[in-house]
């Protein structure tokens, strides 16, 4: 969708970015929570390029994500994926998956397609309960996609497809640990 924007528009918006300090795991309510969860992907390394197949320039399926080192008292897992470099005041939400069993070690590629056997899905910034593939404006520069995993002490009670704000509000006081994996993507 954004690939058709003129390169000059992306270049003009280069300085407009919320930054990593505005992603969910950097919220002030979570600063004291241990960053002990290890988040990885077989598709890309931390701060490595997300393969094109998982972006709007490819098939747009969600990449595989894995996690380990959850606290033993974990009762539920939440995954939030945000673009820290979107030309918006707050990070663009690419996916929310919640109510994931602590026995689940990760999500395979395509697991966030709009239905999932292992998670409930929240709303992306396009107000859809599905993966929003990376689609930065041409010329805007490198975008960092924050794959954030949260271990919760209790399951959440939320509407069917919560947005970021409702999810974060429900998580306050329940987060035992967090983890972060950064994937990057840039349109030339």
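Every number in this text was worked out from the coordinates using simple rules, so none of it is lab data. This structure is a prediction, so every number in the text was calculated from the model and none was measured. In this analysis, Cβ positions are derived from the backbone assuming ideal geometry, glycine residues included, and neighbour counts consider all displayed protein chains.
Residue by residue through the stretch 98-137, note down the ones that are in contact with a helix residue (DSSP H, G or I) (Cβ under 7 Å, 6 or more places away or on another chain) and under 16 Å from residue 167 (Cα atoms).
The answer is 98, 122.
Go through (1) farther than 17 Å from residue 67 by Cβ; (2) buried (at least 19 other Cβ atoms within 10 Å of the Cβ); (3) touching a helix residue (DSSP H, G or I) at 6+ places or on another chain (Cβ under 9 Å) and name the single condition residue 148 misses.
The number of the failed condition is (1).
Residue-by-condition table, conditions (1) buried (at least 19 other Cβ atoms within 10 Å of the Cβ); (2) under 15 Å from the mean Cα position of the chain (by Cα):
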{"site": "123", "(1), (2)": "yes, yes"}
{"site": "126", "(1), (2)": "no, yes"}
{"site": "133", "(1), (2)": "yes, yes"}
{"site": "137", "(1), (2)": "yes, no"}
{"site": "140", "(1), (2)": "yes, no"}
{"site": "159", "(1), (2)": "no, no"}
{"site": "182", "(1), (2)": "yes, yes"}
{"site": "187", "(1), (2)": "yes, no"}
